[in-house]
Amino acid sequence: MKPHTNQLIGKAILDALPTRPLDSNKGNFGSVGILGGAPGMTGAVLLAARAALHLGAGKTYAASLSSGITLDCMQPEIMLLDPSQLLDTALTVLAVGPGLGQSEQARQLLESALKNPAILVLDADALNLLAASPDLKNLTLARTSPTLLTPHPGEAARLLACDTKTIQRDRPAAALQLAEKYCAWVVLKGAGSICTGPGKEWRINTTGNPGLSSAGMGDVLTGMVAALLAQGLEPFAALQLAAYLHGAAADALLLQGIGPVGLTASEVMLEARKILNQRAI
Ligand SMILES: NC(=O)C1=CN([C@@H]2O[C@H](COP(=O)(O)OP(=O)(O)OC[C@H]3O[C@@H](n4cnc5c(N)ncnc54)[C@H](OP(=O)(O)O)[C@@H]3O)[C@@H](O)[C@H]2O)[C@@H](O)CC1
Ligand SMILES: Nc1ncnc2c1ncn2[C@@H]1O[C@H](COP(=O)(O)OP(=O)(O)O)[C@@H](O)[C@H]1O
């Protein structure tokens with residue numbers, strides 16, 4: 001399926017986020033929870049949580065399966081809880097998967113998360129667990145609040161039981177198939193990310209560059225999507241704005257000589273914040 005002009009995500013998507021009323025308070029901008037971080041991958045959950053904070057979530061919580069982490073020293077604004085405490089917290093958006101691992105504990109937490117009334121974003125190992133379990137798929141289909149999936153082509157291939165080459169051969173078709181199979185909103189990541197949902201509509205993102213091909217970039221995208229949802233954006237708009245901003249941040253940093261070599265996910269989230277506030281790229 002070839003993109004037509006009206007299928008490109010343009011700069012106008014920046015207007016999707018309303019300006020903040022002068023009398024606002026943090027309660028107006030939602031609560032985000034990020035769940036992941038098996039031993040060795042705490043970084044993934046912190047990157048996603050920091051991105052949610054920097055993209056405007058009113059409150060940001062995170063829970064890591066690695067025991068004993070109670071504070072992000074670089075970002076003490078984030079409230080770090082146990083996984084069970086996080087699942088008991090009233091959240092606008094729950095994002096599950098960054099560095100989650102595929103242990104039995106991870107599977108059980110995902111099962112609980114699928115029953116949570118919050119808007120749910122599934123990434124990384126949450127997608128791998130979902131791909132492997134018909135029971136988790138049935139729970140996904142039974143959800144009454146929106147579910148968003150953020151697979152890269154490898155994860156998409158697992159979810160559709162095919163290989164990465166098949167996904168890449170017709171990316172819009174793969175994204176549409178995922179949306180239909182899981183009754184979810186989807187961003188199929190990679191150069192030219194495809195955003196789609198349970199209708200037949202899809203959009204392709206043209207921002208971004210190979211500087212984004214570095215571990216942690218997807219975790220940051222997940223946090224950005226969660227923050228935009230928490231601020232009231234509809235799933236399709238949140239996916240498009242996050243994909244656009246994520247790529248635009250990398251493009252802006254490239255012009256400053258920061259990347260493509262050595263661009264970091266932490267830099268991308270800060271530049272994305274700048275672009276969103278300036279609405280000027
Ligand atoms: N700091 C931390 O703690 C971090 C922790 N992290 C955590 O690591 C865990 C493993 O996640 P992961 O994504 O590295 O491994 P995995 O799912 O096997 O995917 C790799 C395969 O997928 C494909 N593929 C991917 N992109 C593609 C593309 N654009 N275009 C085409 N193909 C593409 C490609 O497949 P191939 O082409 O080889 O068939 C590739 O080999 C997970 O828990 C995650 O959260 C990370 O978040 C990083 C930061
Ligand atoms: N060459 C590229 N051009 C544009 N975007 C890219 C490119 N390479 C990676 N990205 C983007 O970077 C992110 C990588 O996500 P992912 O593979 O899940 O990373 P990780 O799991 O290591 O955090 C995705 O949003 C993807 O679209």
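Quick note: the coordinates plus some simple rules give every number you see, no bench work behind them. From a predicted model like this one, the values you see are computed outputs, not experimental measurements. Cβ: placed from backbone, ideal geometry, glycine included. Neighbour counts: every protein chain shown.
Some values worked out for this structure:
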{"quantity": "Local electrostatic count at LEU245 - Lys and Arg +1, Asp and Glu -1, tallied over other residues with Cβ under 13 Å", "calculated": "+1"}
{"quantity": "Local net charge near ILE34, Cβ-Cβ under 14 Å (Lys/Arg +1, Asp/Glu -1)", "calculated": "-4"}
{"quantity": "Region 35-91, Rg to Rh (Cα coordinates; Rh as Kirkwood inverse mean 1/r)", "calculated": "0.92"}
{"quantity": "For region 1-123, the Rg and Dmax computed from alpha carbons only, in angstrom", "calculated": "16.3, 50"}
{"quantity": "Over the chain, volume per residue of the alpha carbon convex hull, in Å³", "calculated": "123"}
{"quantity": "DSSP-defined beta bridges in the chain - what % are antiparallel, rounded to 5", "calculated": "20"}
{"quantity": "Zero-based 5 Å bins, Cα pair distances in region 126-242, whole percents", "calculated": "2, 12, 23, 25, 23, 11, 3, 0"}
{"quantity": "Region 27-276 - percent relative contact order, Cα under 8 Å, separation 6 or more", "calculated": "20"}
{"quantity": "Long-range lysine pairs (8 or more apart or interchain), region 27-276, Cα under 19 Å", "calculated": "7"}
